[in-house]
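Working notes for the structure below.
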Amino acid sequence: MDGIRAMPDKPDADTLDLSVSNFGPIVEANINLRPLTVFVGPSNTGKSYLAILLYAVHCFFGGIGVAGRRRTGWFMRRLSRARRANGQLTGESIKSLVDWAETLSSARDSEERVLGDVLPESVAQLIRARFNNLSEIENAREDLDLEIARCFGVDANADLVRRPHKGSARIKLRRSVSENPPFEHAFTIPASSGSLRVSVPDETPLRFADIPAWHIQDALAEHVMHQAGRAHEPHPMEDLFDSLSISVMRYTLGPTSRPVRYLPADRTGVMHAHRVVVGSLVGRAARADPRPDSPLPVLSGVLADFLEQLIDLGGKRRRVFGLPALATRVEREILKGAVRIRQSETGYPSFLYRPDDWKDDLPLMNTSSMVSELAPVVLYLRDVVRPGDTLIIEEPESHLHPAMQVEFTRLLAAAVKAGVRVVITTHSEWVLEALANLVRLSALSPKQRKGIAGADLALTRHEVGAWLFKPRKRPRGTVVEEIPLDIEAGTFPAGYGEITENLYNDWARISNLAQKAAGH
Amino acid sequence: MDHADAPGPAHEVRCDYLYFDDDDDNPRGRVVSLELKKGSPRAGEIAAQLQAGADLAQRLVGGDIAVGFTPVAAHGGRMHRHRVNSFAQRENQVSFRRTEYRIELLKCGASLKGALRRSRMP
């Protein structure tokens, strides 16, 4: 095997790892989630399962965003309520908080946002004490169960456990910061009973993600009033502590604390048939007597959220929140035309496409499948997805000519460069080869890259992770392994090479026999 | 073919093995010109080596004996699609008794016998 040189993919110090076992078809998976994460492998090996799980985890911890309206995750809501239940801070704790707030508050403009400072140990201890009790937060685990069931569209999460007799499915999210012990957010999907556990090691310094300076200044001003006996309970520092706890929790969760969007594999069909689907759901929802032989239709959470997002795009509140430059790039370089939304009086949207140089719009159902495929991507990039968000796309190659697959892969790299975290599932060797080229490109200096396709989009190997979902016979199920970039093969080898070789060998045999038969 | 007693000058291009197959499945017999590569094989280089094997086989086997021929490249590497496709090009075919043969690819560790059976060469 001398000819093969693989680029090792050692993760950065600041990483997010997802470990999953006994879940759906997956026996075991240990995945380092990078800015661009690729799931690849044969059909029915659990790529979408893991992508939906990731979506559910994001929804629970971080929340989802619908056209600029953020829906806070259940976990943060529970965390916020826990403060009210847990009671008051001691006098000594308040003093620690006031000292910390005064240090931060001085010489800051009230419009400023205070970012990412390390908390002094006196304050960090208070936060750790709260986090250690998180497993006892009322209903948090039940909320998590419900969110997972909603995203998968199952009645009972036990259906998602691979081998119930072997116990629960176990999921662990680990966020490492520098060389310190990682934060861990672990939970089980119960075969019988579940758990939710948060571990914030004493040795790992705590930072907060972001707090507005005015919040700190207001709390201090109210503290002075409180000392003068002119403010009521609870102490104003309780409120600041609450915000600080949530901000620190966002830091421990990293990207999982940010909104997530999911573009399901059947998005093209939804773009064509969303009116019919919504009409059917509304019609049946209004029925007075649900009939046992005709139960209410159920959509998975990923599909329902996608539909809701589409409908919301037609709402009058709609504002541009996303990355319009990237959306325009997709329209200009791939679609060769513009995607538009026409709002009806009720706010229900129609999606239209106008090819370059045309004067009229075309309804999406009259356009090519490539346009229907990419229209939601354009709309999401233009109006919804923001830097720091996670965008999960199932099979971005669907309905795209290989040249367009390569172009679209470069656009995904551009989204990563703009700060979006991207997770894709794929069966496309073109996508993998285009990614390999972008990673290999990072070995060149900017000057050397000049004139090469995607020169401005080079990604380092720490930014891209490709994971192979491999079926295994014993125990039967899927294991997930990282695919290192193979420099000799010029791709992240996912087994497609064997298919190419087999096809070639068939061709060679047929040709040799044909030549012989022709009497050469 | 690297043996000291192998025919032909040692410094000339040659294949790794010549395999003469005359089992029950193939009563006419067959010559296999076989080249082994640890990594990812290059079609042009391998074709030259397998051609040397084919030329030697033509000298060793009398012209009056009916025999089939299969050129095989066994490799241990992974190949980019374009490299696999290069094996299909005309200049990378191997000539034996005025017939052009396309090289068959075999993964190291796979069964040569099985591959030859699948190739069904007369």
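Any read-out appearing in this document is the output of simple, stated calculations on the displayed coordinates, not a laboratory observation. Keep in mind that this is a model prediction, so the values were computed, not measured. All Cβ positions, even for glycine, are placed from backbone atoms using ideal geometry, and neighbour counts span all protein chains on display.
Points worth noting:
- For A:Val422, the residues 5 or more places off, or on other chains, whose built amide H falls under 5 Å of its own are A:Leu36, A:Thr37, A:Leu391.
- In this structure the amide hydrogen of A:Phe23, modeled in the peptide plane, comes within under 5 Å of the amide hydrogens of A:Arg162, none closer than 5 places in sequence on its chain.
- Scalar couplings 3J(HN,Hα) for the stretch A:208-213, obtained by applying the Karplus form with A = 6.51, B = -1.76, C = 1.60 to θ = phi - 60°, are 10, 6, 4, 9, x, 4 Hz; x denotes Gly and Pro.
- Of A:Lys47/A:Lys359; A:Lys470/B:Lys107; A:Lys336/A:Lys417; A:Lys166/B:Lys107; B:Lys38/B:Lys113, pairs whose Cα-Cα distance is over 31 Å: A:Lys47/A:Lys359; A:Lys166/B:Lys107
- For the stretch A:470-520 versus the stretch A:352-403, the inter-centroid distance based on Cα atoms is 32 Å.
- Neighbour counts of C-beta atoms inside 10 Å place A:Ile246, A:Ile499 in the sequence A:Ile499, A:Ile246, starting with the fewest.
- Once you reduce the stretch B:52-122 and the stretch A:150-175 to the center of their Cα atoms, the two points are 51 Å from each other.
- The HN-Hα couplings worked out from phi for the stretch A:483-489 by the Karplus form 6.51 cos²θ - 1.76 cosθ + 1.60 (θ = phi - 60°) are 9, x, 5, 9, 5, 5, 7 Hz, whole numbers, x standing for Gly and Pro.
- Cβ-based exposure ranking for A:Trp430, A:Trp467, A:Trp507, A:Trp358, in which fewest neighbours within 10 Å come first: A:Trp358, A:Trp507, A:Trp430, A:Trp467
- Rh by Kirkwood over Cα pairs, then Stokes-Einstein D for the stretch A:299-385 at 0.890 mPa s and 25 °C, µm²/s: 184 µm²/s
- Shielding by partners for peptide B:93-102, expressed as the average number of C-beta atoms from other protein chains within 10 Å of each residue's C-beta, is 3.
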